[in-house]
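Working notes, structure below.
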């Protein structure tokens, strides 16, 4: 069952202080729909919520045109409200992952299956990149194998420190 309503919000949110007006407008929307659809559980759509909060918490719209659909579900009936002319989204149900209990669960947490898979994939990618480098420039690939990544970092740090000391010495000499 689907119905369309124009919900007046101004009279309701004027009863609340300025800093709570949009919150009161959301409550008023839900109360209006509970009264007219005769259902306790009301869900507001994303676009309707965005419209209500668009101008901030102080300035909600004066009235809202809404299409409401009564949905019957295993968990219970509810009314789903969305702006008129907006396609309704299907609500996703939360999927719970079942964790193993006891010793098996602790072992799985410690081992971290997902991280092992990610590490393995990263190693494969690095190996493929090395092969590609060797195919393009065999001389550079041999040099990088001989030196290693740690030696490059150490040499770079030495160069930086030499440059900073030499620059500071030059500045001191120029001052004298």
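The values are calculated or read from the model by the stated rules, or taken from the named source; none is laboratory data. Just so you know, these numbers come straight off a predicted model, no measurement behind them. So basically every Cβ, Gly included, is an ideal-geometry build from the backbone, and we count neighbours across all protein chains shown.
Table for the structure above
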{"quantity": "Counted residues, region 43-61 - those being out of contact with any helix residue (DSSP H, G or I) (no Cβ under 9 Å at 6 or more places or on another chain) and assigned to a helix (DSSP H, G or I)", "calculated": "4"}
{"quantity": "Options 115, 151; residue that is surrounded by 10 or more Cβ atoms within 10 Å (Cβ to Cβ) and modelled with pLDDT under 65", "calculated": "151"}
{"quantity": "Qualifying residues in region 18-29 (those that are under 28 Å from the mean Cα position of the chain (by Cα) and surrounded by fewer than 17 Cβ atoms within 10 Å (Cβ to Cβ)) - the one nearest to residue 4 (Cα to Cα)", "calculated": "27"}
{"quantity": "Index of the failed condition, residue 78 passing every other in (1) over 17 Å from residue 4 (Cα atoms); (2) surrounded by 15 or more Cβ atoms within 10 Å (Cβ to Cβ)", "calculated": "(1)"}
{"quantity": "Hits in region 35-75 - residues which are without any contact (Cβ under 8 Å) to a residue 24 or more places away in the chain and surrounded by 13 or more Cβ atoms within 10 Å (Cβ to Cβ)", "calculated": "49, 71"}
